[in-house]
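A short worksheet on the structure shown next.
Here, each number is a calculation from the coordinates, and none is a lab measurement. Here the structure is a predicted model, which means the values were calculated and not measured. Quick reminder, even Gly has a Cβ in these numbers, built from the backbone with ideal geometry, and neighbours come from all protein chains shown.
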Amino acid sequence: MIVTPEYNHSFPGTLKNALDRVYAEWNDKAAGLVSYGVDGRVRAVEALRPVLGALQLADVSAQVTLNLRTDFADFGASFTPGEHQGPALATLLDQLVSWSSALARTRGNPS
Ligand SMILES: Cc1cc2nc3c(=O)[nH]c(=O)nc-3n(C[C@H](O)[C@H](O)[C@H](O)COP(=O)(O)O)c2cc1C
């Protein structure tokens, strides 16, 4: 699960640096994406997806995007997610578990 803020319509350079540090360790694993920001949020996720593809990371399609104005109180001081966020996260986790299990076989791990 990758949780990222959105900065200038993308994800932060620090996250790119962390992803770039290794390669084989990412291969044949599943990734779920959660983003947060004040405005777009989904743009960080969309910018991240092709990078994950290059790393042979299978990103599931469900995503959770959190809005600092509506999913947090006092602009981030406390987490007060909208009612739709719980089901969105449940779908994301279902997809992540399913793909992680399937890819375990690709990684040579039958469990
Ligand atoms: C320079 C800068 C650019 C930002 N650009 C965006 C943006 O394009 N879209 C968005 O939704 N939020 C944007 N934000 C808001 C950040 O996502 C928000 O401040 C978030 O809390 C940053 O996460 P962090 O404090 O964990 O680093 C921006 C904030 C800064 C300071």
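Could you identify which residue out of A90, A44, A30 has the top mean-square fluctuation in a GNM of the chain using Cα springs shorter than 10 Å?
A90
Considering only DSSP beta bridges with both partners in the range 2-106, what is the antiparallel share in %, to the nearest 5?
20
From the phi angles alone, apply the Karplus equation (6.51, -1.76, 1.60; θ = phi - 60°) to the range 51-66 and give each ³J(HN,Hα) in whole Hz, x where the residue is Gly or Pro.
5, 5, x, 5, 8, 6, 9, 8, 8, 6, 6, 5, 8, 10, 10, 9
Restricting attention to the range 1-60, which GluC sites (Glu not before Pro) occupy a DSSP loop and are surrounded by at most 15 other Cβ atoms within 10 Å?
Answer by residue number: E25.
For the range 51-111, rounded, prolate or oblate, judged on the Cα gyration tensor with a ≥ b ≥ c (square roots of eigenvalues), a/c < 1.5 rounded, else prolate if a/b > b/c?
prolate
With the cut-off at 1.5 for a/c, could you classify the chain from its C-alpha gyration tensor as rounded, prolate or oblate?
Cα axes put the chain in the oblate bin.
Show me the trypsin sites (Lys or Arg not before Pro) within the range 5-111 that DSSP assigns to loop and that have at most 12 other Cβ atoms within 10 Å of their Cβ.
R21, R69, R107
Return the distance in nm (one decimal) between the two label points of a simple spin-label model at E25 and D39, each offset 7 Å from Cα along Cα→Cβ.
It works out to 3.4 nm between the two label points.
Taking amide hydrogens as modeled 1.01 Å from N in the peptide plane, which residues meet the under 5 Å criterion relative to Y36, leaving out close sequence neighbours?
T4, E6, L66
Would you tally the net charge around I2, using a Cβ to Cβ cut-off of less than 12 Å, leaving I2 out, and scoring K and R as +1, D and E as -1?
Net local charge, I2 excluded: +2.
Taking amide H positions as placed in the peptide plane 1.01 Å from N, state which residues far from D59 in sequence (5 or more) or on other chains have amide H under 5 Å from it.
Residues meeting the amide H criterion: A31.
Pop the C-beta distance of R49 and L93 into the FRET formula with R0 = 22 Å and round what comes out to the nearest 0.05.
The formula returns an efficiency of 0.75 here.
Exposed loop sites here are chymotrypsin sites (Phe, Trp or Tyr not before Pro) in DSSP loop states with at most 13 other C-beta atoms within 10 Å. What is the longest stretch of the chain lacking them?
24-74
Using the Karplus curve 6.51 cos²θ - 1.76 cosθ + 1.60 with θ = phi - 60°, work out ³J(HN,Hα) for each residue of the range 88-97 in order, rounded to whole Hz, and write x for Gly and Pro.
Coupling constants for the range 88-97: 5, 5, 4, 5, 4, 5, 4, 5, 5, 5 Hz.
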